[in-house]
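The values are calculated or read from the model by the stated rules, or taken from the named source; none is laboratory data. From a predicted model like this one, the values you see are computed outputs, not experimental measurements. Cβ atoms come from the backbone with ideal geometry, glycine included; neighbour counts cover every protein chain shown. Ligands, DNA and RNA are excluded from the accessible area calculation, which covers all protein heavy atoms including side chains. Shrake-Rupley method; radii C 1.70, N 1.55, O 1.52, S 1.80 Å.
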Amino acid sequence: MLPAIPAGVDLAFSKEDEKFRRSLRTWLRKHLPKRHDEIDGGEDLNFEGPAQIAAAKKWQRTMHDAGYVAIDWPKEHGGKAASAVRQTILAEEIVTHRAPGLIGQLGLHMLGPTLIRCGTAAQRKRFLPKILTAEEIWCQGYSEPGSGSDLASLRTKAESDGDDFVVNGQKIWTTTAHFADWMFCLVRTHADAPKHKGISYILIDMKTPGIEVRPLVQMTGQSGFNEVFFTDVRVPRSNLVGELHGGWAVANTTLAHERNMLANPMRTQQLMADLVRLAARRNDNGGKVSRDALVRQRLADLQIRVDMMKYHSWKQLSDEIHGRPASVGGAISKLVTTELNHEICATALDLLGDYGPLVGRSPHAEDRGLWPRDWMFTLGMVIGGGTSQIQKNIIAERVLGLPRGA
Amino acid sequence: MDFALNGDQELLAQSARAFLKAEASPSLVRRLWDDPVGHCSDLNAKISEQGWAGLLVPEAHGGLGLGMLDAAVLLTELGRCLAPSPFLSSSVLATSLLSFAGSASQKRSWLPRLASGEILATVAWLEESDRLDPTGTVLRARRARDRFRLSGSKLFVLDAHIADVYLVAARTAAGLGPDGVSLFAIPRGAPGLSLTPLEGFDRTRRLFEIKFDDVVVERDQRIGREGAAWKHLQRMLDVACVAIAAECQGGAEHALEMAVDYAKAREQFGQTIGSFQAVKHMAAECFAEIEPSRALLWYAAQAQETSNKEASRAASMAKARLGEVYARTTNKAVQIHGGIGFTWEHDMHFWFKRAKANEALFGSPAFHRERVAALSGW
Ligand SMILES: Cc1cc2nc3c(=O)[nH]c(=O)nc-3n(C[C@H](O)[C@H](O)[C@H](O)COP(=O)(O)OP(=O)(O)OC[C@H]3O[C@@H](n4cnc5c(N)ncnc54)[C@H](O)[C@@H]3O)c2cc1C
């Protein structure tokens, strides 16, 4: 950890960092796919058909070849050991250029960092390179029908049998499982231990016999997540990450990454900018919507919160780069940002009136139907990665020190 | 890149908190609450000894030469303990306005005395219409040879009973636009001038009506150029926004701390009320609003170092946001206290009332949201 250096408000990035930004911009302008919508499954990773998936993999590969994927990872694992500042710049430019999301994000943001911290040398060597290149796509097998918020109550069990685990049970809401090559999965390996102490973190090849994936249709009409059934699925013991029964701690090392992944303040900035443009473009009976006093109030209220979360993220970022203890974890960002994103989309629908509900394929749909899609998707993000209520529990108990509940 | 308080600011916050804990205790607040004057000259003298009165005054004029972020740090602490003090009215608002609008010689003559705490000043701007746009300033200053004569009234003037001098915005030319507004420095005892206290529910801060009945003002009492004061008032409005937002931040933090402490101690149904999720979530929601607000406040304060549009936009954002956050937080904090929170005896209502009064002071959240919209070019 860096020594705490004298702080102060200095919002300038260094010359080298700005140079990084410029070359990234030039690169993006040159290499961005012409028609995003043909490859972009969006943040919801809802890819439509094999062609889109192939194109999305190709895009990640292109980004990787240029050195723009997993720049936070250490160099020996194929990353750039980039500072938090560079990561922020990359995230900003990706969003402002509307570059497609990376299809391998669960591997890049969750499994990769987990293996780097808790994996064996052999596991890193086997899995990390293909996460970077999108040759292998990962899905996250945590939630079960009976275990969502109360994740530690999960029941999918893995029993030891020689050099293997034998897995039986069911996962649900598993995003991308229908085309993923691998799953990082929480399973119960000790039935009698207290619930947090009997869980292990294992890696499962999705082509193993005994796995059945049944797509679930989301409210968007697309099938982004799935049910996954395991019947006597054999998983080599070498695919255990961390200690046997120590999976809860392993999973927790990356839950924070997940919250950050879901709470990108730049994404919120961009949604807001789109909303402002929409208001400036649309007319209602009395003229431009953006001239309406009530609309201006709502837009300003949203804009204030959007900017506030940007400054909040700067504060967190600079605490991180200067080695100061983090004042609060990602719970506030996850809670506020996901709800704000949804509110922005809902406001867009309000401004659109009867045009609001028109989906992409409909005649007269505005912005190719992105608003109704994002309005739905952003509510999913309020629930996924720990619901708003769970974030509030975390804030109340871990930050404010109120008594722990269930 | 770094977005944080510097070492000096951290130190200022700590020493201010310790100082105010000792010198501006809740019992002092309560005593002054009931006091007809509501001012503690002893506390004020000690505040001046700290050098705080000169915080925003350049060193050349005997001050500390610090910036708005430093002032915001201090105001956060003052807001936290509700210290009844003319720091906002005199050391921040009047001092800033004099620095913006005054001629070199006026600054030389006024700022050192303000910085040392020898005199207090306050700004008299709003009138009956309660409007912060140019149409709200109608009080006329008619020129009579080398003098001006003022008739009319000013409302919502902070600390007018203890300020030695008023900075009065008045029209020196016909019209209701931004041009033709001038500033005058008028002593409290000037003939023809009378004060009426306004009875507000927040008694930690006293407001007044000032009536001008043909008050005669010499030409050298005019601050800055004739008819050109509007832009300085606008800049002072930005300063006011940041200052009040800072008070709100400190007050909201403190109100939530009180509520959380109470929730850990009070028992009902055989357990502490803080174990009820309804209570926990109220507290968590407040915290999730207060914590990111601090970053908005810092940004807005820092933006004042440049006097561009962004300074105004950020200031209005902070004012609109922090005012509402403070009001919501104190509302929940009273509720978490239950019946005791509704009593005169318990201190909670001090913060509840200050929050709502701060929301109105120098522009409602709706006013500032509209200002954000306009400055954003919507
Ligand atoms: C779009 C999307 C994608 C997802 N992708 C994945 C994935 O790839 N992999 C994966 O493993 N999971 C995934 N999930 C699952 C997600 O993590 C869970 O849905 C989430 O944790 C909530 O669990 P649940 O659905 O069982 O709801 P429940 O836990 O049953 O919650 C229902 C309601 O009860 C409330 N509640 C529950 N417990 C408490 C409590 N202690 N205090 C207060 N309120 C409480 C909740 O807040 C919620 O309002 C995804 C979910 C969505 C929506």
Please find, within segment A:182-204, the residue that is most open to solvent (accessible area, probe 1.4 Å) out of those that are of a type in the set (Gly, Ala, Ser) and more than 26 Å from the chain's Cα centre (by Cα).
A:Ala191
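Just wondering, is there one or more residues in segment B:274-286 that are over 29 Å from B:Arg321 (Cβ atoms) and at pLDDT 95 or above? It would help to see each step written out before you state the result.
Let us first name the residues in segment B:274-286 that are over 29 Å from B:Arg321 (Cβ atoms), namely B:275.
With the extra rule that they be at pLDDT 95 or above, the set shrinks to B:275.
For segment B:274-286, residues over 29 Å from B:Arg321 (Cβ atoms) and at pLDDT 95 or above: present.
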Of the numbered conditions (1) open to solvent by 40 Å² or more (accessible area, probe 1.4 Å); (2) without any contact (Cβ under 8 Å) to a residue 60 or more places away in the chain, B:Glu218 fails exactly one; give the number of that condition.
(2)
Is there a residue being surrounded by 19 or more Cβ atoms within 10 Å (Cβ to Cβ), within 12 Å of chain B (Cβ to nearest Cβ) and either without any contact (Cβ under 8 Å) to a residue 24 or more places away in the chain or under 21 Å from the mean Cα position of the chain (by Cα) (or both) anywhere in segment A:366-380?
no
Please give the number of the condition A:Ala180 fails out of (1) away from the ligand (no atom under 12 Å from the Cβ); (2) part of a loop (DSSP other than H, G, I, E, B); (3) closer than 22 Å to A:His77 by Cβ.
(1)
Given the conditions (1) more than 14 Å from every other protein chain (Cβ to nearest Cβ); (2) open to solvent by 10 Å² or more (accessible area, probe 1.4 Å); (3) within 14 Å of the ligand (Cβ to nearest atom), which single one is not true for A:Ser149?
(1)
Against the definition (within 14 Å of A:Leu271 (Cβ to Cβ), within 16 Å of the ligand (Cβ to nearest atom) and among the β-branched types (Val, Ile, Thr)), how does A:Thr378 come out, yes or no?
yes
Residue list for segment A:346-365, filter: open to solvent by less than 40 Å² (accessible area, probe 1.4 Å) and either among the aliphatic types (A, V, I, L, M) or in the same structural domain as A:Gly221 (by TED's automatic domain parsing) (or both)
A:Ala346, A:Ala348, A:Leu349, A:Leu351, A:Leu352, A:Ala365
Checking A:Gly405 against (1) within 14 Å of chain B (Cβ to nearest Cβ); (2) in a loop (DSSP other than H, G, I, E, B); (3) out of contact with any helix residue (DSSP H, G or I) (no Cβ under 7 Å at 6 or more places or on another chain), only one condition comes out false. Which one?
(3)
Which number in (1) among the small types (Gly, Ala, Ser); (2) within 13 Å of the ligand (Cβ to nearest atom); (3) under 21 Å from the mean Cα position of the chain (by Cα); (4) not in a loop (DSSP other than H, G, I, E, B) marks the one condition that A:Ala396 misses?
(3)
Options A:Val328, A:Val336; residue that is facing chain B (nearest Cβ under 7 Å), in contact with a helix residue (DSSP H, G or I) (Cβ under 8 Å, 6 or more places away or on another chain) and modelled with pLDDT under 95:
A:Val328
Residue count, segment B:313-327 (criterion: more than 10 Å from chain A (Cβ to nearest Cβ) and open to solvent by 10 Å² or more (accessible area, probe 1.4 Å)):
1
Six or more apart or on different chains, Cβ under 8 Å: which pairs go from a residue in segment A:385-399 that's over 23 Å from A:His109 (Cβ atoms) to one that's among the charged types (D, E, K, R) and part of a helix (DSSP H, G or I)? Could you list them?
A:Lys392/B:Lys280; A:Lys392/B:Glu285; A:Asn393/B:Lys280; A:Ala396/B:Lys280; A:Glu397/B:Lys280
Among the residues that make up segment B:255-269, is at least one of them in a helix (DSSP H, G or I), more than 9 Å from every other protein chain (Cβ to nearest Cβ) and crowded, with 23+ Cβ neighbours inside 10 Å?
yes
Somewhere in segment B:13-25, is a residue modelled with pLDDT of 95 or more and over 25 Å from B:Phe352 (Cα atoms)?
yes
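For segment B:271-288, which residues satisfy the criterion of being farther than 9 Å from A:Leu400 by Cβ and within 11 Å of the ligand (Cβ to nearest atom)? Quick ask: steps written out before the conclusion?
Of segment B:271-288, the ones farther than 9 Å from A:Leu400 by Cβ are B:271-273, B:275-279, B:281-282, B:285-286, B:288.
Residues satisfying the conditions are B:Gln277, B:Ala278, B:His281.
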Spans of strands (runs of 3 or more DSSP E) in segment B:109-185 with at least 1 residues among the small types (Gly, Ala, Ser) and open to solvent by 30 Å² or more (accessible area, probe 1.4 Å):
B:140-144, B:147-158
Residue that is within 11 Å of chain A (Cβ to nearest Cβ), outside any helix (DSSP H, G or I) and either open to solvent by less than 10 Å² (accessible area, probe 1.4 Å) or not aromatic (Phe, Trp, Tyr) (or both), where the choices are B:Glu310, B:Glu305, B:Glu285, B:Glu291
B:Glu305
